[in-house]
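Have a look at the structure below before the remarks.
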Amino acid sequence: MLLGDLIARFDDEAVAAEALLLLDDLPLTVRIREAAGQEGLTAGELASAAVQHFSASASDEEWVTVLGQMGKSDEPGLVLLRRSLIWILSARPAAEIPGPTQSVA
């Protein structure tokens, strides 16, 4: 499944949970669930916002890094999802994570 198709289905919490499990990174999954809960979002809403925000705001260096990682992976969509989640957690305090109706610009 393409990342865009997956993100479009993140309103289904089962789909979001499965995507987080596919990342095979329990500490990241826990951090995402905690950050989502603090913001009143589901994990899927946070993941969707993370990818949108990364796409709109990541530096050229971040993009070069993630594109290199994606090129070496059999699951490039998961690579971008993981990088976006890590980036949004480290780039902004939880209080500034855009929700599903907020602009990411």
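You will find that of 103, 90, the residue that is part of a helix (DSSP H, G or I), at pLDDT below 95, hydroxyl-bearing (Ser, Thr, Tyr) and surrounded by fewer than 15 Cβ atoms within 10 Å (Cβ to Cβ) is 90 and no other. Screening residue 37 on (1) of a type outside the set (Ser, Thr, Tyr); (2) more than 22 Å from residue 21 (Cβ to Cβ); (3) at pLDDT below 95 shows it passes everything except condition (2). Residues in region 2-9: is at least one crowded, with 20+ Cβ neighbours inside 10 Å and either of a type in the set (Asp, Glu) or touching a helix residue (DSSP H, G or I) at 6+ places or on another chain (Cβ under 7 Å) (or both)? The answer is yes, given that some residue of region 2-9 is crowded, with 20+ Cβ neighbours inside 10 Å and either of a type in the set (Asp, Glu) or touching a helix residue (DSSP H, G or I) at 6+ places or on another chain (Cβ under 7 Å) (or both).
Scanning region 10-21 for residues that are among the hydrophobic types (A, V, I, L, M, F, W, C) and either within 18 Å of residue 76 (Cα to Cα) or surrounded by 11 or more Cβ atoms within 10 Å (Cβ to Cβ) (or both) turns up 10, 15, 16, 17, 19, 20, 21. Taking the listed residues 55, 73, 48, the one that is of a type in the set (S, T, N, Q), modelled with pLDDT under 95 and either more than 25 Å from residue 14 (Cβ to Cβ) or outside any helix (DSSP H, G or I) (or both) is 73, with no other qualifying.
Of the residues making up region 22-45, just one is of a type in the set (Val, Ile, Thr) and either in contact with a Pro (Cβ under 7 Å, 6 or more places away or on another chain) or in a loop (DSSP other than H, G, I, E, B) (or both), namely 42. What pairs come up if the first residue lies in region 53-76 and is basic (Lys, Arg), the second is part of a helix (DSSP H, G or I), and their beta carbons are under 6 Å apart, counting only those six or more places apart or on different chains? From residues that are basic (Lys, Arg), there are no pairs.
The values are calculated or read from the model by the stated rules, or taken from the named source; none is laboratory data. Here the structure is a predicted model, which is why all the values come from computation and not from measurement. All Cβ positions, even for glycine, are placed from backbone atoms using ideal geometry, and neighbour counts span all protein chains on display.
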